[in-house]
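Student: So that we are looking at the same thing, I have put the structure below in structure tokens.
The values are calculated or read from the model by the stated rules, or taken from the named source; none is laboratory data. Keep in mind it's a predicted model, so treat the numbers as computed, not measured. All Cβ positions, even for glycine, are placed from backbone atoms using ideal geometry, and neighbour counts span all protein chains on display. These area figures cover heavy atoms from the full protein model, side chains too; ligands, DNA and RNA do not enter into them. Shrake-Rupley method; radii C 1.70, N 1.55, O 1.52, S 1.80 Å.
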Amino acid sequence: MKIVVVGTGYVGLVTGTCLASLGNEVTCVDIDSNKIENLKNGIIPIYEPGLEDLVKRNYEIGRLKYSTSLAQALFGAEIVFIAVGTPPKENGEADLQYVEAVAHEIGKNLNDYIVVVNKSTVPIGTGDLVTRIIKNYYAGEFDVVSNPEFLREGSAINDFMQPDRIVIGCDNNMKAVEIMKNLYLPLNCPILITDLKSAEMIKYASNAFLAMSISFINSVAKICEQVGADVEKVSEGMKLDKRIGKNAFLSAGCGYGGSCFPKDVQALVNIGRQNNVPFTILEEVEKVNCQMKNLLFEKLLNIYNDLYQKRVAIWGIAFKPNTDDIRFAPALTIIENLLNHGVQINIYDPVAQENVRKMYPDLNYFNDPYQALHQVDCLLVITDWHDFKQVDKSKIKELMRGNLIIDGRNIYQPEEMFGLGFNYHSIGRKKI
Ligand code: NAD
């Protein structure tokens, strides 16, 4: 099939590349001419495991093309994906300006039947809005479909190629549904067909539920700390219940971040308010997450009282491992807190630190986790990169000036850390 993907971010580039690698002819379009130029020169704008090879291979054999011109790319295309950002506005509502701009552009340039697929996460009713915008320009036949994306950064290619499910929402036309089913046929996974609005809601409800699980277990963790229980064991015990499930999102830690959960929770809260159905549980989910993002700093302040002339190492800035994405990352909240108290900061992240450097050029960056520990009073572990899991702890001890480790992802074992003489703190686990 001839396909256009608009937006070459985390979702668009992965979608375009994976569809090309299935044998489709794909053009990825972006308004950012720098990104498009870089892609043509083999420079990939994001870090996503396995993506670079796949992008280059499909570009070299001509199945993947890049363009800044949606008008040209649309010529002869059967499907156009909208995969642009939907960031939160000040009030939490999803900002649809990029989706709307693409819809206008599609409308102006259509001259034959096409399936317009909304892959961006959008408020319920946006599919209808896109239809109305296109109809202002184009009187011919076309269909708008909602096909929310569930990939996770860090395992995006695998998630795209082996999804748990594909959701296709369409109101009026089985022709569009058949085209979409055909497109995804090689993935051999359950395909759920719904109306447009239900498909849009499935995405928000799924992300909100996952975020809620995290805030739930984090609230349990805070109680565990007070009563002397171990949240890791609690979570293990809960997951053995088949109604909860072994893959449940029940890892306690210093909060969720990224470009999806924070904004999608806020957007759904907003949708509830706009429809006079306040989503009060979700409002709490958001509040708990804000508290968790501040928790490591609060622990640090409790231990030291005065942070004057303290030096802290931060391991991990990305909101999760295997990505360079730092949007709404808990580490950013922690950095702000530390800077407000005059703390010196050493930073190490395997791939995200260049993105942080753009925001905070004056912090101390290191290319090795051990180097970042030189003469620090405290180590804060914020992202659970594999790189941090089997480190040489006696070397850590030697390099640090202090012995305080605050582990925001529970990657070390308290018994071992205390045995080695660290003043070790984590989330929701027994103090030994
Ligand atoms: P992103 O910010 O990484 O990329 C968006 C891209 O769209 C940018 O390259 C931008 O230049 C481009 N763009 C903006 N306006 C454009 C226009 N008019 N024409 C062409 N290109 C334009 O965003 P993302 O993280 O890929 O997210 C895209 C959507 O997918 C969002 O709605 C998001 O909620 C959703 N989503 C994201 C993820 C994720 O893990 N990142 C997962 C599932 C769903």
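Student: Given the condition in contact with a Gly (Cβ under 7 Å, 6 or more places away or on another chain), within 14 Å of the ligand (Cβ to nearest atom) and either of a type in the set (A, V, I, L, M) or open to solvent by less than 60 Å² (accessible area, probe 1.4 Å) (or both), answer yes or no: does some residue in region 111-118 qualify?
Tutor: yes
Student: If Tyr98 satisfies all but one of (1) near the ligand (Cβ under 10 Å from one of its atoms); (2) within 16 Å of Val5 (Cβ to Cβ); (3) open to solvent by less than 60 Å² (accessible area, probe 1.4 Å), what's the number of the condition it fails?
Tutor: Looking at each condition in turn, Tyr98 falls short on (3).
Student: Taking region 101-110, which residues are open to solvent by 30 Å² or more (accessible area, probe 1.4 Å) and within 10 Å of the ligand (Cβ to nearest atom)?
Tutor: Ala101, His104, Glu105
Student: Here is a further query. Is it true that some residue in region 69-89 is over 30 Å from Asp384 (Cβ atoms), away from the ligand (no atom under 13 Å from the Cβ), touching a strand residue (DSSP E or B) at 6+ places or on another chain (Cβ under 8 Å) and open to solvent by less than 20 Å² (accessible area, probe 1.4 Å)?
Tutor: Yes, there is a match, as at least one residue in region 69-89 is over 30 Å from Asp384 (Cβ atoms), away from the ligand (no atom under 13 Å from the Cβ), touching a strand residue (DSSP E or B) at 6+ places or on another chain (Cβ under 8 Å) and open to solvent by less than 20 Å² (accessible area, probe 1.4 Å).
Student: Could you tell me whether region 5-21 includes any residue that is more than 29 Å from Glu100 (Cβ to Cβ) and not in a helix (DSSP H, G or I)?
Tutor: no
Student: Right, here's the next one. Condition (residue is out of contact with any Phe, Trp or Tyr (no Cβ under 8 Å at 6 or more places or on another chain), outside any helix (DSSP H, G or I), free of Cβ contacts under 8 Å to residues at least 60 places away in the same chain and open to solvent by 10 Å² or more (accessible area, probe 1.4 Å)) applied to region 259-270: is it met by at least one residue?
Tutor: no
Student: If you don't mind, there's one more thing I want to ask. Here are the criteria: (1) at pLDDT 95 or above; (2) in a loop (DSSP other than H, G, I, E, B); (3) within 11 Å of Ala313 (Cβ to Cβ). Tell me which single one Leu380 does not satisfy.
Tutor: Of (1) at pLDDT 95 or above; (2) in a loop (DSSP other than H, G, I, E, B); (3) within 11 Å of Ala313 (Cβ to Cβ), only one is false for Leu380: (2).
Student: How many residues are within 13 Å of the ligand (Cβ to nearest atom), touching a helix residue (DSSP H, G or I) at 6+ places or on another chain (Cβ under 9 Å) and open to solvent by 80 Å² or more (accessible area, probe 1.4 Å) when one looks only at region 27-46?
Tutor: The number of residues fulfilling the criteria is 1.
Student: Continuing with this model, one more query. For region 305-325, enumerate the residues that are modelled with pLDDT of 95 or more and open to solvent by 20 Å² or more (accessible area, probe 1.4 Å).
Tutor: Lys310, Arg311, Phe319, Lys320, Pro321, Asn322
Student: With respect to Ile405, determine if the residue is in a strand (DSSP E or B), in contact with a Cys (Cβ under 9 Å, 6 or more places away or on another chain), at pLDDT 95 or above and closer than 21 Å to Gly253 by Cβ.
Tutor: Criteria met by Ile405.
Student: Would you check if Glu153 is charged (D, E, K, R), in contact with an Asp or Glu (Cβ under 6 Å, 6 or more places away or on another chain), open to solvent by less than 30 Å² (accessible area, probe 1.4 Å) and in a loop (DSSP other than H, G, I, E, B)?
Tutor: Judged against the criteria, Glu153 is a match.
Student: Does Tyr59 satisfy being in contact with a strand residue (DSSP E or B) (Cβ under 6 Å, 6 or more places away or on another chain), assigned by TED's automatic domain parsing to the domain that holds Gly127 and within 11 Å of Gly16 (Cβ to Cβ)?
Tutor: So Tyr59 fails the test.
Student: Residue by residue through region 163-186, note down the ones that are under 22 Å from Phe209 (Cα atoms) and over 18 Å from the mean Cα position of the chain (by Cα).
Tutor: Of all residues in region 163-186, those under 22 Å from Phe209 (Cα atoms) come to 163-169.
Scanning region 163-186 gives Arg165, Ile166, Val167, Ile168, Gly169.
Student: Could you tell me whether region 232-251 includes any residue that is in contact (Cβ under 8 Å) with a residue 24 or more places away in the chain, touching a Pro at 6+ places or on another chain (Cβ under 6 Å), buried (at least 17 other Cβ atoms within 10 Å of the Cβ) and in a helix (DSSP H, G or I)?
Tutor: Within region 232-251, none of the residues are in contact (Cβ under 8 Å) with a residue 24 or more places away in the chain, touching a Pro at 6+ places or on another chain (Cβ under 6 Å), buried (at least 17 other Cβ atoms within 10 Å of the Cβ) and in a helix (DSSP H, G or I).
Student: Please verify whether Phe209 is aromatic (Phe, Trp, Tyr), open to solvent by 10 Å² or more (accessible area, probe 1.4 Å), within 22 Å of Leu151 (Cα to Cα) and not in a helix (DSSP H, G or I), treating the condition exactly as stated.
Tutor: Taking the combined requirement at face value, the residue does not satisfy it.
Student: Oh, and also: Restricting to region 131-150, count the residues that are away from the ligand (no atom under 13 Å from the Cβ), part of a helix (DSSP H, G or I), touching a residue at least 24 places away in the same chain (Cβ under 8 Å) and buried (at least 18 other Cβ atoms within 10 Å of the Cβ). Can you show your working first?
Tutor: Our first condition is that a residue be away from the ligand (no atom under 13 Å from the Cβ); within region 131-150, this holds for 131-132, 134-145.
Retained after the next criterion (residues that are part of a helix (DSSP H, G or I)): 131-132, 134-135.
Subsequent filtering for residues that are touching a residue at least 24 places away in the same chain (Cβ under 8 Å) retains 134-135.
Filter once more, so that each one left must be buried (at least 18 other Cβ atoms within 10 Å of the Cβ): 134.
Count: 1.
Student: What about Glu52, is it more than 13 Å from the ligand (Cβ to nearest atom) and either under 18 Å from Leu151 (Cα atoms) or open to solvent by less than 10 Å² (accessible area, probe 1.4 Å) (or both)?
Tutor: On the way: more than 13 Å from the ligand (Cβ to nearest atom): yes; either under 18 Å from Leu151 (Cα atoms) or open to solvent by less than 10 Å² (accessible area, probe 1.4 Å) (or both): yes.
For Glu52, the condition - more than 13 Å from the ligand (Cβ to nearest atom) and either under 18 Å from Leu151 (Cα atoms) or open to solvent by less than 10 Å² (accessible area, probe 1.4 Å) (or both) - is met.
Student: Let me ask something additional. Return only the number of the condition from (1) out of contact with any Gly (no Cβ under 9 Å at 6 or more places or on another chain); (2) within 16 Å of the ligand (Cβ to nearest atom); (3) open to solvent by less than 40 Å² (accessible area, probe 1.4 Å); (4) of a type outside the set (A, V, I, L, M, F, W, C) that Gly62 does not satisfy.
Tutor: With (1) out of contact with any Gly (no Cβ under 9 Å at 6 or more places or on another chain); (2) within 16 Å of the ligand (Cβ to nearest atom); (3) open to solvent by less than 40 Å² (accessible area, probe 1.4 Å); (4) of a type outside the set (A, V, I, L, M, F, W, C) applied to Gly62, the lone miss is (2).
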